[in-house]
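Colleague: Here it is: the structure, laid out below.
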Amino acid sequence: MRWLYAAALLASLGSAGCRDVVPRPGALVDSGGAPGDAAPPDVTVDPIDGAPTRVTCTSTFRGDLLDGGTYGRLDGYLVAIVQPASSARPCRADLTHVHLQVRVDSVVYDIAVNVGDDVHSQRFDHAMFTPWAEGWHTGADFVVDYAGLGLHAATMPRDGQAALVAAVNADLAGANHISIYATGYGPDGAHLVHFNGGGRDGLIITQPLSPTSHMRAFSFDSSSF
């Protein structure tokens, strides 16, 4: 995703078809089949992560934590997964991103994750760098460098959009707590969840409370690291 995406994303925001819902942590709620939502799967609840919450996706965002251009890590609860769709659809859906809706301190934030055909991705297991703590975290303790993690552009697979979307959905199927390294595009959302260089690389982390967490990295055809 590129920096100019922020303006287009905000301009395309619609309100039809979704309702603003704030879930209780750990409560499994039917998504109601709203356009763009992933159906809540039947999953085995991880005793450390807790039961996942899934609600109807929202097109109304009131968060104010994520300053535009600020890099950091958002720790919260995954409440909706918005699949790629025309930008005319609700919940900020667009053709080349999966949008994750993450609840932090009773407010839902939008995280746009690139899943286009030019995106490479790799899942790996690693201990959390700093403990999960609900909120938005910035500074020297919250940086990610792909090369420092032993990742290399030349060996990161590119399987196409359909396969990548399926892999991301599989990663997130039972996720409750989640951590995402990203760059804010405004007060209520973040993007650039991929290689950026300079210790500002993006990651999706599931099971962040466990001794070993699951992490997914993303890059593009043009990335070099």
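Colleague: For the stretch 140-165, name all the residues that are touching an Asp or Glu at 6+ places or on another chain (Cβ under 6 Å) and of a type in the set (S, T, Y).
Modeller: Y146
Colleague: Further question on the same structure: Among the strands (runs of 3 or more DSSP E) contained in the stretch 112-225, which hold 2 or more residues that are of a type in the set (A, V, I, L, M)?
Modeller: It comes to 177-186, 203-206, 213-220.
Colleague: Run down R103, R73, R92 and say which single residue is of a type in the set (D, E, K, R), in contact (Cβ under 8 Å) with a residue 12 or more places away in the chain, in contact with a strand residue (DSSP E or B) (Cβ under 6 Å, 6 or more places away or on another chain) and not in a strand (DSSP E or B). Steps first, please.
Modeller: Working: R103 fails: not in a strand (DSSP E or B); R73 fails: not in a strand (DSSP E or B).
Exactly one residue qualifies, and that residue is R92.
Colleague: R24 fails exactly one of the following numbered conditions: (1) crowded, with 18+ Cβ neighbours inside 10 Å; (2) modelled with pLDDT under 95; (3) not hydroxyl-bearing (S, T, Y). What is the number of that condition?
Modeller: (1)
Colleague: In addition: Mind listing whichever residues of the stretch 153-165 are within 15 Å of F195 (Cα to Cα) and surrounded by 14 or more Cβ atoms within 10 Å (Cβ to Cβ)?
Modeller: A153, M156, R158
Colleague: Any residue in the stretch 194-217 that is under 12 Å from L149 (Cβ atoms) sitting within a Cβ distance under 8 Å of a residue that is in a strand (DSSP E or B) and among the acidic types (D, E)? List the pairs, counting only those 6 or more apart or interchain.
Modeller: Here the result reads M215/D125, each pair linking the stretch 194-217 to a residue that is in a strand (DSSP E or B) and among the acidic types (D, E).
Colleague: Would you call S106 within 26 Å of G69 (Cβ to Cβ), in contact with a helix residue (DSSP H, G or I) (Cβ under 6 Å, 6 or more places away or on another chain) and among the polar types (S, T, N, Q)?
Modeller: no
The values are calculated or read from the model by the stated rules, or taken from the named source; none is laboratory data. All of these numbers come straight from a predicted model, not from anything done at the bench. We place every Cβ from the backbone using ideal geometry, glycine too, and count neighbours over all the protein chains shown.
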